[in-house]
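What follows is a single structure, written as structure tokens, with notes after it.
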Amino acid sequence: MNIKRQIVVIHGGEVFNSYEDYLKYLKNYPVDLNRLIKRPRWKNYLQDDLGDSWEVFSPQMPNFRNAKYLEWKIWFEKILPHLQDGVVLIGQSLGGIFLAKYLSENDFSVKISATYLVAAPFDSKARDDIDYTLGDFELPESLEKFQAQSEKIFIYHSKDDSLVPFSDLEKYSRALPKAEKVIFYDRGHFIQEHFPEIVEEIRKLEK
């Protein structure tokens with residue numbers, strides 16, 4: 001009997017400093033019917049692209065439009081008892097900084113083969129190159145615990161990302177000196193149907 005390897009994918013979200021800011025965002029959010037059409041993204045195709053050797057879990061994190069780290073932490077920890085040694089973790093955008101924060105502040109219950117941070121923000125403190133806040137998702141001073149708990153760490157970022165500055169990749173690289181940087185030039189915030197590069201890298205873990 002072949003035991004499938006596990007992958008957990010954490011999606012992105014929005015953060016606001018106050019409930020009033022959140023309501024203002026909802027009132028001013030422009031409705032584009034094209035954006036309301038449900039289009040599959042690479043996270044949806046990951047299971048098909050990797051095949052039967054892997055089992056992909058994509059939990060819907062609470063209140064992604066007005067995300068709170070504590071709520072995500074509680075929900076994420078409900079998954080942990082079901083995970084096995086050798087799990088792979090992937091976080092895109094806010095999901096990336098969530099994993100970096102969680103693994104820097106908590107002991108993980110099983111062995112992590114690899115963690116992939118895709119277009120993950122690093123901070124939002126006193127910056128004039130961004131127009132968002134990270135609220136209680138802000139990282140601790142040290143990410144050493146994260147680096148110690150994951151056998152491999154990959155940081156994916158594109159130079160033309162209009163949401164998360166490319167400079168955040170370098171910040172992660174300094175905080176995680178053993179991590180491997182994977183740089184793109186034309187992927188934006190990785191809103192794409194397939195992600196062959198991450199699929200190829202995950203398949204290497206099978207060897």
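The values are calculated or read from the model by the stated rules, or taken from the named source; none is laboratory data. Since the structure is predicted, the reported quantities are computational estimates derived from the model, not experimental observations. A quick note on method: Cβ atoms are made from the backbone with ideal geometry, for glycine too, and the neighbour counts reach across all protein chains shown.
Of the residues in the range 80-89, not one is of a type in the set (A, V, I, L, M), surrounded by 24 or more Cβ atoms within 10 Å (Cβ to Cβ), assigned to a loop (DSSP other than H, G, I, E, B) and touching a helix residue (DSSP H, G or I) at 6+ places or on another chain (Cβ under 6 Å). Among the residues of the range 38-71, which ones are in contact with a strand residue (DSSP E or B) (Cβ under 8 Å, 6 or more places away or on another chain) and of a type outside the set (A, V, I, L, M)? The answer is Lys43, Gln47, Ser53, Trp54, Glu55, Phe57, Ser58, Pro59.
Residues that are under 24 Å from Leu169 (Cβ atoms), modelled with pLDDT under 95 and either aromatic (Phe, Trp, Tyr) or surrounded by 13 or more Cβ atoms within 10 Å (Cβ to Cβ) (or both) do occur in the range 60-79. Going by the conditions given, is Tyr25 within 26 Å of Val88 (Cβ to Cβ), aromatic (Phe, Trp, Tyr) and surrounded by 10 or more Cβ atoms within 10 Å (Cβ to Cβ)? Here the answer is no, as Tyr25 does not meet what is asked. Restricting attention to the range 111-123, does a residue exist that is of a type outside the set (A, V, I, L, M, F, W, C), at pLDDT below 95 and loosely packed, with under 14 Cβ neighbours inside 10 Å? Among the residues of the range 111-123, not one is of a type outside the set (A, V, I, L, M, F, W, C), at pLDDT below 95 and loosely packed, with under 14 Cβ neighbours inside 10 Å, which makes the answer no. Does Ser158 count as surrounded by 13 or more Cβ atoms within 10 Å (Cβ to Cβ), under 17 Å from Ala119 (Cβ atoms) and hydroxyl-bearing (Ser, Thr, Tyr)? Here the answer is yes, as Ser158 does meet what is asked.
For the range 11-57, taking the residues that are part of a helix (DSSP H, G or I) and hydrophobic (A, V, I, L, M, F, W, C), the one that is modelled with the lowest pLDDT is identified as Leu36. Taken over the range 156-165, residues that are closer than 27 Å to Lys38 by Cβ and either assigned to a loop (DSSP other than H, G, I, E, B) or more than 16 Å from the chain's Cα centre (by Cα) (or both) amount to 5. The set of residues from the range 166-207 being in a loop (DSSP other than H, G, I, E, B) and surrounded by fewer than 17 Cβ atoms within 10 Å (Cβ to Cβ) comprises Phe166, Pro177, Lys178, Tyr185, Asp186, Gly188, Ile191, Gln192, Glu193, His194, Lys207.
Applying the criterion of being within 17 Å of the chain's Cα centre (by Cα), in a helix (DSSP H, G or I) and in contact (Cβ under 8 Å) with a residue 40 or more places away in the chain to the residues of the range 139-155, the residue that is surrounded by the fewest Cβ atoms within 10 Å (Cβ to Cβ) is Gln149.
In the set (1) closer than 19 Å to Leu139 by Cα; (2) part of a helix (DSSP H, G or I), Thr115 fails one condition alone, (2).
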